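All remarks here apply to the structure that follows.
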Amino acid sequence: MTSWPVSAIRSPLRACAPSMTRLAATPRASMLIRGVNSVGAITPGVRLHDLPQGTVEERIRMAGELGFSCIQLPSKVLYASMGIDRCGLTRELADHLRAVLDEAGVSVAVLGCYKNLATPDRQQLTDNFAEYEACLNFAQMLGGCPVGTETGRPNAQNRVADDRMADEALDAFMDGLARVCECAEAVGGQILIEPGWNETVNTPDRCREVLERVPSPALGVIYDPVSLLHPTIVGEASEQVSRMLHLCGSKIRVLHAKDYEIVDNEDQDGWCDGSGSRLVCHGVCTCGNFDFEAIAAWAAAARPGIMTVIENSTPSTVERSRDELLRMGHSVMCEHVIL
């Protein structure tokens, strides 16, 4: 795999720079934002379910009006909006959504299918395979977007527990993933895994192991640097980013962008590690605890224009996150060109 030189990665723990001038959510704003991003390192996007309530069509239009060029579309959001299950993922629906997307100037960065590929329940696993097959086919109808998945847990309840750390958990996930990759290859699609602390693939090294042991050309990675953090290692975030980009950078196809705060309790599920604290996620550059600029610098050199989906935003923070991504994407691209 092509690796990103560790020495070139800048610390992601600097405080975020002040937000650029806010652009109103108008067609003119959309034109201005896309004009700036045409020379940027990253293409900002948004999760559809982080936008205000509405139908899928209404939320796609919201994304376009806010100046986003891409979205993450979870299958469960599509099902709920349309009143369907996987049997409703038809050519007619794909054509309808493509027309809405084209009108809004938006593309699908990821079609989410977050089913547990590490479950020991064979009936559940069979049903999950059917979901992935349906979503992979539908993604091709939508224009060839990748299907994204988390990396599962080795229990039927998909409960966050220590069993996810075992080698057997990783083996179970890879067995399921290999079958999904075969399906992706058969339809000419892509399946992207998203490593996270709460899943079986919870470190850069485990991600690299998966990529080596499931060597499918259809397999790639959604990299969310904050999802791999937990309270006791936030001080080592820079080193972890460097290692992830070094080990897995050549397979990263989409980025997720968020920030975090540390809360002094573990009373709720979340990014916990037994330390008594919990990591809570927010939209990128809204807390000042994780600076995404190191990732943008990598993108400028290795994958300019990569689709970068803001996660955990709210209506009150989404524009700030968008503006910061555009600012840093443009800045690091200019630096890269000058260098």
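Distance from the alpha carbon centroid of segment 181-242 to that of segment 55-83 works out to 25 angstrom. As a proxy for reagent exposure, 141, 328 were ordered by neighbouring Cβ count within 10 angstrom, fewest first; the result is 141, 328. Computed from the C-alpha gyration tensor, the three semi-axes of the ellipsoid equivalent to the chain are 28, 26, 19 Å, from longest to shortest.
For a straight C-alpha distance cut-off of 18 angstrom, the lysines reachable from residue 115 (same-chain residues fewer than eight places away being disregarded) are 76. Modelled spin-label separation between residue 91 and residue 238, with each label point placed 7 Å from Cα along the Cα-to-Cβ direction: 5.5 nm.
Relative contact order of the chain, taken over Cα pairs closer than 8 Å and 6 or more residues apart, is 24 percent.
Near residue 224, the amide H atoms lying under 5 Å from its own belong to 256; only residues 5 or more places off or on other chains count, and H is placed 1.01 Å from N.
Taken about its Cα centre, the chain carries a charge dipole of about 1000 debye when Lys and Arg each add +1 at the Cβ and Asp and Glu each add -1 at the Cβ. Would you work out which of 247, 317, 99 lies farthest towards the positive end of the dipole of the chain, given +1 charges on the beta-carbon of Lys and Arg and -1 on that of Asp and Glu, about the Cα centre? Looking along the dipole axis, the top candidate is 99.
Read-outs throughout are calculated quantities, based only on the coordinates presented, and are distinct from any laboratory measurement. Computed from a predicted structure; not experimentally measured. Cβ coordinates were reconstructed from backbone atoms using ideal geometry, including for glycine residues, and neighbour counts include every protein chain displayed.
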